[in-house]
Amino acid sequence: MWIGKILLLLIITCLSACAAPQVKAQEEKPLPSKDAYYSFLLGYGAEKDGKWEDAVEHYREALGHDPSSVYLKTEISFVLLRLGKVSEALSSAAWRTLQQSEEAGPGHSDVS
């Protein structure tokens, strides 16, 4: 009799282990515009070619189309640092955004 109970317990355990975990649906963010992507690609190409000034200009244009992009703000800061414009890079919105993310704690950054 106890073998039947153990067998039943084993079956229930196996079946519950196979159940799919419940996943919360995340709120979908709208995709950036085509203009934002285009400007980003121009900036990325300029950055790869070492044309830092052009890269900053294109990244800022992309940021105008997608103002919530933490990634673009960070890229602008990095390119400004490469240009030696340290004070401008430090005063940029990217550094403020990164500081806000750090203050909020882990898991609270809005990196796009």
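Reported count of residues in region 36-60, each being touching a residue at least 24 places away in the same chain (Cβ under 8 Å) and among the charged types (D, E, K, R), is 2. Being at pLDDT below 90, among the hydrophobic types (A, V, I, L, M, F, W, C), loosely packed, with under 15 Cβ neighbours inside 10 Å and more than 15 Å from the chain's Cα centre (by Cα) holds for only one residue in Ala20, Ala89, and it is Ala20.
The values are calculated or read from the model by the stated rules, or taken from the named source; none is laboratory data. Everything numeric here is computed off the predicted structure, so don't read it as measured data. Reconstructed Cβ throughout: ideal geometry from the backbone, glycine too, with neighbour counts over all protein chains shown.
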